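The values are calculated or read from the model by the stated rules, or taken from the named source; none is laboratory data. These numbers were taken from a predicted model, which means no experiment stands behind them. In this analysis, Cβ positions are derived from the backbone assuming ideal geometry, glycine residues included, and neighbour counts consider all displayed protein chains.
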Amino acid sequence: MNSGKDGTYDLVVVGGGPAGATLATFVAMQGHRVLIVDRDTFPRYQIGESLLPSTINGICVMLGVEEEIAKAGFTKKLGGSFRWGKKEEPWSFYFGVTQKNRKNPAFAYQVERMKFDWILLQNAIKKGVELRTGCNVTRPIKEGDRFVGVEYVDENNQVREVRARYVADASGNRGMFGAAIGERLYSKFFKNWALFGYYEGGKRFPPPYEGNILSAAFGEGWFWYIPVTPTLTSVGAVFSPPEDKKRPVDGELEAAMNGFIAKCPIIADMLSNARRVTEGVYGKLRMRQDWSYTQSRFWDKGLVLVGDAACFVDPLLSQGVHLATYSALLAARSINSCLAGSVDEQRAFEEFELRYRREYGLFYDYLTSLYDMNFDQESFFWAARSTLRTEERGNEAFIRLLAGQASADPAINVAQDFFDARQGSGAALEQVMNPTPGADAAMTTVGAKNITGLLPELDREAQGLQMLAIFGGDRPAEKPFRPGGLITSKDGMYWQEPTA
Ligand code: FAD
């Protein structure tokens with residue numbers, strides 16, 4: 001094998017998933033030279049198909065990729081449905097019905113990750129990022145106490161080196177560089193495994209819930225049921241591993257999956273006319289385990305960990321891509337500020353780590369409550385209020401958390417303002433304008449009644465936001481998270497000192 005030397009970059013990113021693509025794009029958008037190296041070739045399969053509004057209507061708008069996403073024909077997700085806790089009937093929630101959430105267009109998408117991740121990467125390339133695929137990164141390069149690049153084996157089996165002022169590990173669950181700066185701490189509470197596959201012809205809830213994710217508890221754990229396209233459904237069982245930790249081998253997976261389905265009546269019913277896909281990329285039953293962890297450190301001089309490379313926890317609330325893209329935005333602010341020389345490196349990266357850990361911690365905390373299977377609908381809301389330490393009414397804290405808006409990041413709100421101004425007031429409003437007859441009778445609907453009460457206010461607000469979008473304007477000043485902390489710049493791309 002030969003070695004080669006590549007040029008020097010401002011940032012080299014290991015991994016082109018949502019975290020890597022988002023970070024690379026936000027840094028390249030400031031005129032910096034950015035390279036992504038991924039061992040796979042795209043489009044490539046990945047699990048994690050149910051997204052949150054904060055990603056679609058916040059980060060994707062800031063990335064300037066919302067039109068491509070809208071054109072991709074993904075399944076619209078207006079909320080979620082749970083068969084959980086003491087009650088037998090499932091209940092649903094809308095993203096768009098709370099006071100604080102009303103600026104956020106009330107939907108996300110269920111996506112084929114092969115398509116979604118490739119759209120983000122193509123957008124990164126359009127914004128100036130270089131992409132090298134089929135290149136396996138093997139180790140970080142460190143000089144003195146600073147990380148200065150990575151070594152990788154390229155598609156021709158050549159060992160190459162690339163140097164950069166900053167290195168980002170966005171290698172997902174594999175977490176290539178975490179061990180170089182600390183250790184991976186596994187959750188003592190979440191130790192589940194998942195077994196999942198794809199089905200054609202699964203049932204759909206009546207409109208407008210046909211795009212909802214269904215999460216259904218059963219004796220040994222819970223299922224996700226994600227309507228990825230009108231006919232294709234992603235179905236996964238999350239369960240406690242057996243005591244001997246013996247993992248089923250390939251030939252045993254089908255029987256294990258059918259066994260779980262038989263124990264969960266609502267999933268058995270939804271799949272009663274479906275067949276499991278057995279060919280192509282969706283043709284395998286797959287397993288994942290050991291996914292709930294956090295790295296002991298998220299950064300060191302010259303190196304930052306984003307997305308799953310830093311931390312992940314149980315997928316019940318579909319927060320993985322939200323955490324990946326939001327952490328990428330936070331890291332981009334730190335890198336952009338340091339490259340501009342406007343903020344001290346230590347303070348910039350501490351701000352990143354603090355905010356990422358807080359966001360992750362909110363989901364972790366709330367998930368711990370949800371695993372109490374005796375919960376009913378109201379206790380879900382109470383637990384969300386306790387997690388967010390707020391006194392919000394009814395289901396507001398719950399929906400804010402599940403929409404990925406708990407931190408109320410000002411930059412994401414700006415993106416939403418612009419989106420709202422162009423799109424009206426989102427799907428919640430659509431539902432009021434064109435209600436689907438009989439839809440609510442099919443399930444218990446959390447808060448759907450509230451939509452009507454919001455109408456006049458939504459209308460006034462949409463007009464106000466349109467003026468803001470056209471003529472510009474200031475949003476209220478952000479307060480730092482802690483004494484001595486930094487705040488977000490007006491364009492959302494840097495940290496800055498708090499204004500007096
Ligand atoms: P990834 O998407 O994993 O991307 C990492 C990239 O790094 C890959 O392209 C990989 O090829 C590359 N890479 C790895 N090693 C190397 C190397 N050595 N050299 C070069 N490149 C490398 N999230 C949701 O939002 N919704 C869901 O419904 C959901 N369901 C889930 C269900 C399960 C069972 C699990 C385990 C996770 C789920 N997730 C879900 C989480 C979601 O999959 C992840 O959070 C998300 O993909 C993280 O994005 P990322 O960019 O950090 O990493």
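Details
- Single residue of the range 121-149 satisfying the filter (part of a strand (DSSP E or B) and away from the ligand (no atom under 15 Å from the Cβ)) that is surrounded by the fewest Cβ atoms within 10 Å (Cβ to Cβ): Glu143
- Selection status of Val281, more than 23 Å from Leu323 (Cα to Cα) and without any contact (Cβ under 8 Å) to a residue 12 or more places away in the chain: no
- Within the range 194-234, the set of residues being under 24 Å from the mean Cα position of the chain (by Cα), under 15 Å from Tyr371 (Cβ atoms) and either away from the ligand (no atom under 16 Å from the Cβ) or at pLDDT below 95 (or both) comprises Ser215, Ala216, Ala217, Gly221, Trp222.
- Tally of residues being touching a strand residue (DSSP E or B) at 6+ places or on another chain (Cβ under 6 Å) and not in a strand (DSSP E or B) across the range 165-177: 4
- Test: residue in the range 150-164 that is out of contact with any strand residue (DSSP E or B) (no Cβ under 9 Å at 6 or more places or on another chain), modelled with pLDDT of 95 or more and either small (Gly, Ala, Ser) or surrounded by 15 or more Cβ atoms within 10 Å (Cβ to Cβ) (or both): no
- The range 327-338 residues that are under 9 Å from Tyr494 (Cα atoms), paired with ones that are outside any helix (DSSP H, G or I) and aromatic (Phe, Trp, Tyr) (beta carbon under 7 Å, 6 or more apart): Arg333/Tyr494; Arg333/Trp495; Ser334/Trp495; Ile335/Tyr166; Asn336/Tyr494; Ser337/Tyr494; Ser337/Trp495
- Against the list (1) buried (at least 22 other Cβ atoms within 10 Å of the Cβ); (2) closer than 26 Å to Thr368 by Cα, the condition Lys245 fails is (1).
- Residue pairs whose Cβ atoms lie under 6 Å apart, separated by 6 or more positions or on different chains, with the first residue in the range 13-37 and among the hydroxyl-bearing types (Ser, Thr, Tyr) and the second assigned to a loop (DSSP other than H, G, I, E, B), are Thr25/Lys127.
- Boolean, Lys86 is in contact with an Asp or Glu (Cβ under 9 Å, 6 or more places away or on another chain) and more than 14 Å from the ligand (Cβ to nearest atom): yes
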